[in-house]
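Inspection log for the structure reproduced underneath, given as structure tokens.
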Amino acid sequence: MTRCLLLLCSVVLVSCSREDSVIRAGADFQKRLQEALINAKPGAVIVIGEGKHALDRTLSLAVANVTIKGRGMGQTILSFQNQKSGSAGVQVTASGFTLEDLAIEDTKGDALKINGATGVVIRRVRTEWTGGPKESNGAYGIYPVQCKDVLIEDSVAIGAADAGIYVGQSQNIIVRRNRAERNVAGIEIENSQFADVYENTATGNTGGLLVFNLPDLPVKGGHHTRVYDNRVIANNTPNFAPKGNLVAKVPAGTGVMVMATHHIEVFKNTISDNQTYNVSINSYLVTGNPINDAQYDPYTSAIYVHDNMIGGGGNQPDGRVARDIEPKVGRPIPSIIYDGILDPKLTKANGVPDDQRICIQNNGGATFANYDAGNGFKTVVRDAKAHDCSLAPLSPVTLTTLGSAGGA
Amino acid sequence: MRGVVVAPALTAVLSLLILSCGPSQVRSRLEGPYPKKLSDWGLFTGRLAELKPAERVVPYDLNTPLFSDYAQKNRFVWIPAGVAAQYLDPDVLQFPAGSILSKTFSYDARRIETRLLVNARSGWTPLVYVWNKSQTEATLEQVPDPVAMEWRHPSGELLKIDYTIPNTNQCKGCHDQGLGESKTTLPIGPSARQLNRDFDYGGTRENQLVHWTRIGILRGAPAAPPRLAMWDDPSSGSVEARARAYIEINCAHCHNRQAAANSTGLYLTAAETEGTRLGVCKVPVAAGNGSGDLRFGVMPGKPDESILIRRMESVEPKVLMPELGRSVVHREGVALVRQWVNLLQGDCTP
């Protein structure tokens, strides 16, 4: 009898600690959920019940080591369709954060913003603007910024007017097995260091997968990203970003863009049918934006694009590519294009050092052009021979604070 | 074991003693649970809604306050007997443990909410008390509901205000300074620069810093402390000084190098000297719809092409700034910042 009681108690205890708070649909849902987030103790697991829950203001979490989970990205939906205040849907400023198995829909601004956290897991989460691509949609779907040790997996991002999955100014990142559709940018790695982006599908966006650095940000100089085993297919949605934003300059029909960054390895991806180009390697200078940031490095080097399946596309170039490049290279735009702009610091001495080159190898029959943007598009080079080189493979990313959860 | 039993008894005796000191005695706390009722703090005497300060509770004003949907604000400070705030600049004064800052938001005679910042053992703790309809008491709430208000602007127009009372996280959203794990909650308003002005202490006007020093709640103030311009008093400073003061108090609690908007690279303290950091010719980063079709944060001479102005003139949640605490446009504030942008020289071509 005592044994049974003990057993019963421990079962109750376990279930209590695993799901110490279940927030179910009903009156004051938003208030109850926000109170649970405010009063959560570190280690708490807050479960949100099934249903399409209407919220009209930002939900926020500031307690470390809290897990929020739903019953599935089709079952637990936080709908911000009638949001009255706050820009983001869910805003997190706490480390050790895990979000699983729910959807965040139709927020006015960003769907899920995580600021300054160490240890972030986003798993089986959907962010979506349900009206399809619209300029009035919020900017970002899944948006960790200035975070360390970030894992985003098995998630879905649809309809963001900037980027579906956007990792900014962060360190140690794994983005895997996600689907990004009908966003302006599908997946963006910006001003970030050490990212592995693999087994994702980016399709129907304006641009599929972007890795770049921007000026005027406190965290600069992103580097070291591996982009592999992704499918980046037919990203041809007309650009619907508000104009002032950088992504508003991304031409519709962009596959993979690598800009103003270093130590990037793009391999074993399937990149096809992107109607402006499949792959672009370029400096920030081609954006035409002013650079007021003396510490900003607008150049691109140490890029290795190899063993990808690249094909189709280039038949309906858009934006600057249609304006500046098509008149020189004609249609279709070659699958891999490069602006040819080198960091003057690198070329000064004895040419570009071997480990800083732009290397392009084994991409089937992928066509190429260096469109010589630095010299007014004067000498277009279609032969990729100058880039027939290899770079040392980059190391896999490890997410130390996440332990086994972050294993590749 | 014995101590544990004795402690509650002692506490009971002590609280009886405290109570017997009379109703005008402030009862601060260094830790929770915090009183459910505003009146339990003892900050005010007489009818609560009159906000008549209890003994040693000192009213104060700021040179340039945060705009909060035209709500009027009554501010008070209480500092435990025998200790004093330490002068600092440009940061807020350093208040001793147990200090209480109180700010009551009202529309004309109607009290809406009273926010307390209590310098508790675990640091500054935000507490929000929501006033009842009969205006007899305000009750502690964690996630208060918004209040629909109508308020007549001096222009005669009736403004419909969706007045947001912040929840505990939102309080911290503005009051937390520091990045990542090093966040601490701090007051925003009571810096020496903001407090350096006259106040009417029931018939006698006196400079607030002088007054605080004279009654012993402030130490270390220099003879000529710095002064922030009053945004709405042209005699207090140039357009630039007043606009920058306004921008600082409304924006810089997030937009500084050590707070939530650090990631934007837009830093709006009055002390900032670098144009790009103030948004001049700065391209937006993660503004989304905030940027509209505009290319730069601030376009010199062109307020209509400046994202800063667009965001101040918007009431759409995804566009407006500050993100919190404003549901109508502050016309007078916008007019001042427009004047400042108009006076800026230069252009943004690369």
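Here are a few things to note about the model shown:
- Restricting region B:113-163 to trypsin sites (Lys or Arg not before Pro) in coil, as DSSP defines it, with at most 12 other Cβ within 10 Å: B:R121, B:K133
- Karplus-based coupling profile of region B:262-269, in residue order and whole Hz: 3, 5, 7, x, 10, 10, 10, 6, with θ = phi - 60° in 6.51 cos²θ - 1.76 cosθ + 1.60 and x standing for Gly or Pro.
- Annotation note: trypsin sites (Lys or Arg not before Pro) in region A:332-392 located in DSSP loop regions with a Cβ neighbour count of at most 15 within 10 Å are A:K348, A:K378, A:R382.
- For the segment B:294-306, counting C-beta atoms of other chains within 10 Å of every residue's C-beta and taking the mean gives 1.
- Rounded to 5, the percent of DSSP beta bridges in the protein assembly as shown classed as antiparallel: 30
- With at most 14 other Cβ atoms within 10 Å, longest stretch of chain B clear of loop GluC sites (Glu not before Pro) (DSSP): B:158-273
- Sparse packing (at most 16 other Cβ atoms within 10 Å of the Cβ) combined with a DSSP loop state is found for the following chymotrypsin sites (Phe, Trp or Tyr not before Pro) in region A:318-408: A:F377.
- Calculated FRET efficiency for the pair A:K378/A:Q295, C-beta based, R₀ 41 Å, to 0.05: 0.85
- In percent, rounded to a whole number, the relative contact order of region B:122-162 is 25, using alpha-carbon pairs under 8 Å and six or more apart.
- Under 21 Å of direct C-alpha separation, and excluding same-chain neighbours fewer than eight residues apart, A:K268 reaches these lysines: A:K385.
- Percentage relative contact order, chain A, counting C-alpha pairs under 8 Å, at least six apart: 9
- Pairs exceeding 25 Å between alpha-carbon atoms, taken from B:K160/B:K318; A:K84/B:K160; A:K148/A:K345; A:K41/B:K318; A:K243/B:K282: A:K148/A:K345; A:K41/B:K318.
- Working note: 222 nm ellipticity from helices only, DSSP H runs with n ≥ 4, each -39,500 (n - 2.57), summed and divided by the residues of chain A, gives -2500 deg cm²/dmol to the nearest 500.
- Taking A:A386, A:A234, A:A366 as the candidate residues, the one with maximal mean-square fluctuation in a Gaussian network model of chain A, Cα springs under 10 Å, is A:A386.
- Ranked B:D89, B:D233, criterion: other C-beta atoms within 10 Å, fewest first: B:D233, B:D89
- Shielding by partners - mean other protein chain Cβ count within 10 Å, residues of A:234-244: 3
- Each residue of region A:252-262 was assigned a 3J(HN,Hα) from its phi angle through the Karplus curve 6.51 cos²θ - 1.76 cosθ + 1.60 (θ = phi - 60°); the sequence is 4, x, 8, x, 10, 10, 10, 9, 6, 8, 9 Hz, with glycine and proline shown as x.
- Near A:L214, once Lys and Arg are set to +1 and Asp and Glu to -1 for all other residues with Cβ below 12 Å from its Cβ, the sum equals -2.
- Considering only region A:140-194, percent of DSSP beta bridges that pair antiparallel, nearest 5: 0
- When the inverse distances between all different Cα atoms of region A:251-394 are averaged and flipped, the Kirkwood radius reads 15.3 angstrom.
- Highest-MSF residue in chain B out of B:A335, B:A224, B:A243 [GNM, Cα springs under 10 Å]: B:A224
- Counting only other chain Cβ atoms within 10 Å of each residue's Cβ, the peptide B:165-177 averages 4.
- Taking every alpha-carbon pair under 8 Å whose residues sit at least 6 apart, chain B reaches a relative contact order of 13 percent.
Each reported figure results from applying straightforward, stated rules to the coordinates on display, with no laboratory input. Only a predicted model underlies this, so the values are computations on that prediction, with no experimental measurement involved. Please note: Cβ atoms are built from the backbone with ideal geometry, for glycine as well, and neighbour counts cover all protein chains shown.
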